[in-house]
Amino acid sequence: MLSATLTAALGITVASVAATANAADLPLSQGKAATASSAESAAFPPSAAVDGDAGTRWSSTFADPQWLQVDLGSAQSISQVVLNWEGAYASAFTIQTSPNGTTWTDITPVTTGKAGVQTLNVTGSGRYVRMNGTTRATPYGYSLWEFQVFGGGANPSPTTPALPTSDTPDFGPNVRIFEPNTPASTIQSAVDQAFNAQLRSPTAQFGSQRHVFLFKPGTYGRVWANVGFYTTVAGLGLNPDDVTINGAVNVDSGWNYGDESNATQNFWRSMENLSIVPEGGTNRWAVSQAAPMRRVHIKGNLTLAPSNQDNGQGYSSGGYLADSVVDGVVSSGSQQQWYTRDSRIARWDGGVWNMVYSGVQGAPANAFPNPPHTTLATTPVTREKPYLYVDSAGLYRVFVPALRRNSAGASWPNAAGASIPMREFYVAKPGDSAARINAALAQGLNLFFTPGTYSLAETIRVTRPNTVVTGIGFPTLIPANGVEALNVADVDGVKVSGLTFDAGTTNSPTLMSVGRAGAHTDHAANPISVQDVFFRVGSSVQGKATTTLAVHSDDTIVDHIWAWRADHGGAPTGWTVNTGDTGLIVNGDDVLATGLFVEHYQKYEVIWNGNRGKTIFFQNEKPYDVPNQAAWIGPRGNGYAAYKVADTVTDHELWGGGSYAFFNVNPSVRADRAFEVPNRSGVRLRSILTVSLGDVGTITNVVNDTGGAVPNPAGNTTPRQVVAYP
């Protein structure tokens with residue numbers, strides 16, 4: 001650790017951005033040509049340190065001295081250099097500039113490095129910027145995840161006024177930020193006011209209210225936060241244990257108007273990046289779809305079931321837990337299905353139909369169907385969701401975790417990744433037009449959406465590699481006139497997270513697309529990721545969309561989405577009212593879906609055309625509102641499968657998939673199968689099932705012509721299971 005005196009003398013902060021940095025400075029180095037004195041191997045080239053991906057790095061040979069330099073393309077003024085060191089860092093180095101790559105000028109004194117993010121405020125200019133390492137701190141080489149150069153030279157042309165940015169942005173009136181010295185009574189009053197306004201409200205489920213409660217690092221006295229619709233509770237530390245709440249962040253049943261006996265409609269709420277010491281030893285999180293818990297440390301037990309779960313009442317219909325630690329027991333109780341990824345737990349109790357775990361230390365053994373646990377030791381590829389935090393200087397940043405392969409357990413503390421200052425984000429607010437948002441992207445900024453509703457007259461287009469597009473508090477994007485809401489180009493490393501899409505009243509062919517149809521660019525080293533993104537066809541809007549999400553780019557990670565053609569809404573719903581064919585189409589190869597929830601679409605709900613795709617956990621309900629069988633005839637008979645793997649696919653895997661029927665408009669309707677796949681040895685399904693909810697409606701087989709029908713003669717809502725196909 002650098003002494004405070006030396007840190008001040010050098011103008012260095014660790015994992016922070018100096019307050020004196022110009023608010024409009026933009027990175028100059030990303031994607032530019034980089035060279036080095038050496039590389040440990042071809043796997044660690046100089047270019048990896050300027051590609052914007054904190055999962056790739058440059059590493060030198062094991063000798064002193066070594067250097068890494070970047071060509072900015074033209075002479076620039078330099079105000080800041082950010083180094084994201086791997087464990088092999090420099091114990092002595094200088095930053096140098098040059099007009100020609102030959103003669104060099106030191107713009108820092110000899111500086112001591114430190115594993116992690118190191119920010120240097122500098123004054124200098126040049127076309128070339130170099131880290132000149134003279135002494136290694138370890139027996140290994142010099143190793144940098146990222147080498148970023150900032151300065152005024154990257155500002156937009158004066159003819160294009162720069163949109164304002166800040167390291168201490170205004171997040172708008174829907175975001176409350178608390179500090180450890182905030183009176184507990186003030187915090188309790190704020191969370192109670194937000195919750196009580198929607199308690200048993202007939203409009204809250206599809207309302208315009210949005211609430212985000214952010215907690216700065218520290219320990220908080222008793223807070224009992226009941227979490228309602230469109231509410232987020234999150235910590236602002238770099239690690240979850242930086243924020244400790246004593247009390248509860250609580251979700252239960254009995255709150256939702258018209259459906260008070262269970263928790264099956266506890267949607268659109270989240271908890272992230274904090275620790276809880278639960279009052280009474282157990283925290284309750286009885287949620288259903290679109291209610292993620294990420295990066296949370298429960299210092300006790302966790303129950304996922306509502307307090308009235310007994311006697312056939314109190315069901316909840318599925319959720320998502322990732323990158324978390326539960327010191328005690330997780331009890332799933334009446335949860336019908338659940339997916340847990342890359343976490344650590346003491347023990348898991350319970351399971352109804354479909355409980356899936358990947359990379360979970362302490363997970364129950366694979367035993368499907370009795371008990372219904374599907375367990376994978378690791379997750380093939382993960383990149384945890386970006387998150388907001390505040391540094392020791394009081395400045396806001398977004399941490400972007402690095403890619404992990406064959407991962408298990410939580411990624412924190414000391415997660416690898418990149419820390420991006422908020423001045424590199426445009427902070428969007430309700431009322432911003434798509435044109436203004438696109439201007440921010442053209443300026444080279446990332447996007448940070450604050451809570452609220454955004455009407456989009458044109459498509460938001462993300463074309464720059466490694467752009468981060470994220471939001472807090474369920475910001476809701478609604479396209480007008482049938483446009484696509486969001487289009488991501490076929491480029492490396494874009495991260496999209498924390499957004500909700502509502503279809504507009506004019507049909508959109510797609511609500512969001514990733515990549516370009518027909519393109520097959522290898523993105524394995526730096527894939528695009530889509531996380532906690534939710535799609536609704538019918539909500540407060542009588543929406544229409546043919547397809548909600550189309551994934552064309554190879555290697556994309558789809559980590560927790562809920563694509564939902566509404567069976568109820570604030571606006572009327574029905575077979576000819578809120579129309580939608582398909583929730584997800586995958587055309588890219590090597591795409592991974594972890595936590596895939598897709599429900600109620602009118603044709604194939606998931607269509608997988610790409611090769612070597614993988615899905616870990618799939619949850620589906622067929623459309624409730626099919627009027628009659630004649631209205632629902634697919635290419636291969638009665639109805640449409642929920643999960644369709646194209647006949648041309650040679651390799652595909654799915655673990656833990658359930659599809660449920662509830663044809664309440666016409667119980668005589670049937671679907672011939674829930675899963676439809678080509679009969680090839682490379683196409684493998686494991687732990688799949690069907691259920692007829694309340695024995696209302698028929699699914700004739702689980703997969704193709706295998707598995708038997710539901711309703712199952714064994715009794716009400718008894719599933720049919722297929723352990724392995726073929």
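Inter-label distance, GLN188 to ASN481: 5.3 nm, where each label sits 7 Å from its Cα along the C-beta direction. Backbone amide hydrogens, once placed in the peptide plane, bring VAL381 within less than 5 Å of ASN406, excluding anything fewer than 5 places away on its chain.
In the structure shown, the pairs LYS429/LYS644; LYS385/LYS644; LYS299/LYS644; LYS429/LYS495; LYS385/LYS544; LYS299/LYS429 are assessed against 31 Å; a Cα-Cα span above that value is assigned to LYS429/LYS644; LYS299/LYS644; LYS299/LYS429.
For LYS32, a cut-off of 16 angstrom between C-alpha atoms picks up these aspartates and glutamates, skipping any fewer than 8 places away in its own chain: ASP51, ASP53, ASP71, GLU146, ASP492.
Each other residue within a Cβ distance under 14 Å of ASP567 adds +1 if Lys or Arg and -1 if Asp or Glu, for a net charge of -2.
Taking the longest Cα principal axis of the chain as reference, the axis of helix 184-196 is set at about 40 degrees. A crude spin-label estimate for the pair ASN507 and SER392, with each label 7 Å from Cα along the Cβ direction, gives 5.9 nm. When only Cα pairs below 8 angstrom with a gap of at least 6 residues are kept, segment 218-305 shows a relative contact order of 30 percent.
Of the solvent-accessible surface of the chain, computed with a 1.4 Å probe over protein heavy atoms with every protein chain present, carbon and sulfur atoms account for 51 percent.
The slack between SER668 and SER41, meaning 0.36 nm per residue of separation minus the straight C-alpha distance, is 219.3 nm. One chain, two ends: THR650 and SER681. Fully extended at 0.36 nm per residue, the span grows by 10.3 nm beyond their Cα-Cα distance. Taking label positions 7 Å along the Cα-Cβ direction at both ASN100 and ARG200, the computed distance is 8.2 nm, reported to one decimal. Dividing the mean sequence gap of close Cα pairs (under 8 Å, 6+ apart) by how many residues the chain holds gives a relative contact order of 7 percent. Of the residues LEU199, LEU403, the one with the largest accessible area comes first in the ranking LEU199, LEU403, computed with a 1.4 Å probe on protein heavy atoms.
Here, segment 457-545 is characterised by an Rg to Rh ratio of 0.99, where Rg is the alpha-carbon radius of gyration and Rh the Kirkwood radius.
The string of couplings for segment 453-469 from the Karplus curve (6.51, -1.76, 1.60, θ = phi - 60°) is 10, 10, 8, 10, 7, 9, 6, 6, 10, 9, 10, 8, x, 6, 5, 9, 10 Hz, one whole number per residue in order, with x for Gly and Pro. Calculation over all alpha carbon pairs of segment 542-636 in 10 angstrom steps from 0 returns a P(r) of 16, 45, 29, 10 percent.
In the complete set of protein chains, residue-level accessible area for PHE399 is approximately 20 Å², probe 1.4 angstrom.
Summarising the strand pairing of the chain, around 30 percent of its internal DSSP beta bridges are antiparallel. Kirkwood radius for segment 126-285, taken over all pairs of different Cα atoms as the inverse mean of 1/r, rounds to 19.4 Å. Helices in the chain, meaning DSSP H runs of at least 4 residues, each add -39500 (n - 2.57). Divided by all residues, the mean residue ellipticity at 222 nm is -1000 deg cm²/dmol.
Summed over the residues of the chain and divided among them, the accessible surface reaches 32 Å² per residue at a probe radius of 1.4 Å. PHE62 contributes an accessible area of around 100 Å² to the protein surface, as traced by a 1.4 Å probe with all chains present.
The values are calculated or read from the model by the stated rules, or taken from the named source; none is laboratory data. All of these numbers come straight from a predicted model, not from anything done at the bench. Note that each Cβ is placed from the backbone with ideal geometry, even for glycine, and that neighbours are counted across all protein chains shown. Note: accessible area is taken over every heavy atom of the protein model, side chains too, but ligands, DNA and RNA are not part of it. Shrake-Rupley method; radii C 1.70, N 1.55, O 1.52, S 1.80 Å.
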